[in-house]
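Please treat every number below as a calculation from the coordinates, not as lab data. No experiment lies behind these values; they were computed from the predicted model shown. Here the Cβ is made from the backbone with ideal geometry for all residues, glycine too, and neighbour counts use every protein chain on show.
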Amino acid sequence: MPLRVAQARGSFGSAGLSVELVVTRDSAQLKEQLISGELFAVHAAPDNVIAWTDGGDVPFRAWLAGSNGPITLVARGPSGLSGLRGAKIGVDSPSSGFATILRRLLATADVGADEVELVAMGATRLRYSALLEGAIDATMLTLPWSLLATQNGAAALADHALVAPGMLTSCAASTADRLERELDTATAYAEAIDAAMRWLRADGSGDEAATLLAGDMDLDLDDARSIIDLMRDPEAGWPSATRLRGHELEATWQLRSQAIAEPSRPPSGYVHALSARP
């Protein structure tokens, strides 16, 4: 949403940038296009930054904080976490992103990762469609898809706060070397996002923001207002500051070490120094 606002209200242009927003199919495509140079930055789960850096020769760095609101495990059929044994669960990637949260949520009900089938399906919108079509039994969804899924008969079983309260749920990330080469561009981009966030938090912006979201996502205006209200919530919504500090990846780091494997670096090792600038 902050990107849409920055584009619609001219924040990118005021920062001297021309920005094209690209919709991708999955986290693998994000990684590939960052490495190839097709994309300057991506917005994704911070866990991907850790997985991509540890799983290859190219270092990636998170440099802006974001939020998708609650990351919710939504299911059709099972009414509780223990009912997911034997379920087919859609994920972007079984080894990164929201899958780390999913594994820990299952563990709270003593459901092992080997007791479910994790199906790589790509981006959130694709998993949402698969859930409604009955191709999978459950998946992890963010707003607005989690709300739409429950309106279409699915049940919200739990969200990330159960296993990682206060976790950063989204970030901007780039390859470390490109950030170093194009630091001025990254700084201008951050300033545009900062401007969008200030407007989104300002009194009186809610209706305009809801109208923009409703038009962009083909949502009912009342649903869009509910989503904007949640995104503006100081606890569940957008972070109070967009610039990252290393400790803000601590919860993601801990979760990954529990669910997948201990990362090779400390939490601050996946954050670019640009983030510390005011």
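Paramagnetic label reach from Arg25 (point 7 Å along Cα→Cβ; backbone nitrogen cut-off under 17 Å): within the range 118-158, residues 119-130.
Computed over the chain, relative contact order equals 29 percent, with contacts defined as Cα pairs under 8 Å that lie 6+ residues apart. When both bridge partners sit in the range 72-162, DSSP labels roughly 60% of those beta bridges antiparallel.
Compared with the alpha-carbon gap, the fully stretched path from Ala202 to Leu162 is longer by 11.4 nm at 0.36 nm per residue.
Max-minus-min Cα coordinates of the range 1-157 on each principal axis give 52, 38, 24 Å, with the largest extent listed first. Two numbers describe the Cα atoms of the range 72-162: Rg and Dmax, which are 11.3, 30 Å. The share of C-alpha pairs in the chain whose separation exceeds 31 Å stands at 24 percent.
Spin-label model, Leu17 to Arg85: label points 7 Å out along the Cα-to-beta-carbon direction sit 4.9 nm apart. A straight line joining the Cα centroids of the range 15-70 and the range 101-154 runs 22 Å.
For Ala113 and Leu132, the difference between the fully extended length at 0.36 nm per residue and the C-alpha to C-alpha distance is 4.5 nm. Altogether, the Stokes-Einstein calculation at 20 °C and 1.002 mPa s, with the Kirkwood radius of the range 193-249 over Cα pairs as Rh, returns a diffusion coefficient of 176 µm²/s.
Within the chain, antiparallel bridges make up roughly 75 percent of the DSSP beta bridges whose residues both belong there.
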